[in-house]
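Contents: one structure, followed by commentary.
The values are calculated or read from the model by the stated rules, or taken from the named source; none is laboratory data. What you are looking at is a predicted structure, and each value in this text was computed from that prediction instead of being measured. Glycine gets a Cβ as well: all are built from the backbone with ideal geometry, and neighbour counts include every protein chain shown. Only protein heavy atoms, including side chains, enter the accessible area calculation; ligands, DNA and RNA are left aside. Shrake-Rupley method; radii C 1.70, N 1.55, O 1.52, S 1.80 Å.
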Amino acid sequence: MSALDKRLHAVRPDLADARLQGLCEATRFVEGTRGQCGVPVARVHLKADTESMQVTQMLMGEALLVFERTEEWSWVQLVKDGYVGYVRPGCVRAAKIATTHRITVPLGHLYPKPDIKSQPAVAMPMNAELAVAYTDGDFHCLASGGFIHTAQARTSTPGDFVSVAEQFLHVPYLWGGRTAIGIDCSGLVQTALHACGIDAPRDSDMQENRLGTDASAEKRKRGDLIFWKGHVGIMQNEITLLHANGHHMKVVSEPLQTAIDRIAAKGSAVTSIRKIVS
């Protein structure tokens, strides 16, 4: 049997997704139980350990499958991008609420009352999915309680993912991050594409293999994705790259050639250039 990518397949020696039966070996196969992220943002860990690496984050309303649940951890797979990891059980709600709107700004706020001065205001990240019960004036009332301003949650999607990504300029770099509190290189690409209704995998190698078409022979243009081993950036125009990176520890806009030279000095060259075809 060929090895399965454990980032995208729920498989362990003792337990695996029933859909993988015949493709892998495991002591027991189980059907995933459907659930949903019930908090604004939740860390997804590589292992069932709070000190384990954060591999990604799940956002409010995001659909998931639960393959194992203990008092301390749930082993889950996110439905949209297929990522597998461990989350705290309190972050998962079993009853899936049909969502109607999503946060369309880098950070929105959920208020206890339809009043921007009411407290506590809870930060909600871009692409968090919400179930709006009704709209009254400037506020949406959520089915789960609380109020979000209509300027921050919509049903429509923007058309230019680069403009979305540009809203994250100067956001701190965070490995596994997907929000304006902290974001990594592939998280920036995925977040911007998801905001525009374009499916995108989570990690840069997956994005390089699955997104767009080859543009290496063409002149650089806005929206091109530039890939290195383990890194990705977005062209803002023919010469400027936008990317979250560990050198600056934030999202920066800089000349592409500057990034190429700096990364080359560390032994890594550009591996491919892809353009998104809508």
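Can you tell me which residue within segment 221-239, out of those that are aliphatic (A, V, I, L, M) and either in contact with a Cys (Cβ under 8 Å, 6 or more places away or on another chain) or surrounded by 21 or more Cβ atoms within 10 Å (Cβ to Cβ) (or both), is nearest to LYS275 (Cα to Cα)?
For segment 221-239, the residue satisfying everything is LEU225.
A count restricted to segment 227-272 and to residues that are out of contact with any Gly (no Cβ under 9 Å at 6 or more places or on another chain), of a type in the set (Val, Ile, Thr) and touching a residue at least 40 places away in the same chain (Cβ under 8 Å) stands at 5.
Out of the residues in segment 202-226 that are part of a strand (DSSP E or B) and touching a Gly at 6+ places or on another chain (Cβ under 7 Å), which is nearest to VAL79 (Cα to Cα)? Full working, then the answer.
Of segment 202-226, the ones part of a strand (DSSP E or B) are 213-214, 224-226.
Then keep just the ones that are touching a Gly at 6+ places or on another chain (Cβ under 7 Å); that gives 225-226.
Numbers: LEU225: 24, ILE226: 27 Å.
Here the residue is LEU225.
Conditions tested, residue by residue: (1) hydroxyl-bearing (Ser, Thr, Tyr); (2) open to solvent by 50 Å² or more (accessible area, probe 1.4 Å); (3) in contact with a helix residue (DSSP H, G or I) (Cβ under 7 Å, 6 or more places away or on another chain).
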residue: ARG28; (1), (2), (3): no, yes, no
residue: ARG34; (1), (2), (3): no, yes, no
residue: GLY38; (1), (2), (3): no, no, yes
residue: MET53; (1), (2), (3): no, yes, no
residue: LEU59; (1), (2), (3): no, no, no
residue: ALA63; (1), (2), (3): no, no, no
residue: GLN77; (1), (2), (3): no, no, no
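A single member of GLU68, GLU72 is surrounded by fewer than 22 Cβ atoms within 10 Å (Cβ to Cβ), free of Cβ contacts under 8 Å to residues at least 60 places away in the same chain and out of contact with any strand residue (DSSP E or B) (no Cβ under 7 Å at 6 or more places or on another chain), and it is GLU72. The residue of segment 105-127 that is nearest to GLU31 (Cα to Cα), among those that are touching a Ser or Thr at 6+ places or on another chain (Cβ under 9 Å) and either hydrophobic (A, V, I, L, M, F, W, C) or open to solvent by 40 Å² or more (accessible area, probe 1.4 Å) (or both), is MET126. Total residues in segment 126-143 satisfying the condition of being more than 26 Å from the chain's Cα centre (by Cα) and closer than 13 Å to GLY38 by Cα: the figure is 0. For segment 144-183, name all the residues that are among the small types (Gly, Ala, Ser) and under 20 Å from CYS37 (Cα atoms). Those that are among the small types (Gly, Ala, Ser) and under 20 Å from CYS37 (Cα atoms): SER144, GLY145, GLY146, ALA153, GLY176, GLY177, ALA180, GLY182.
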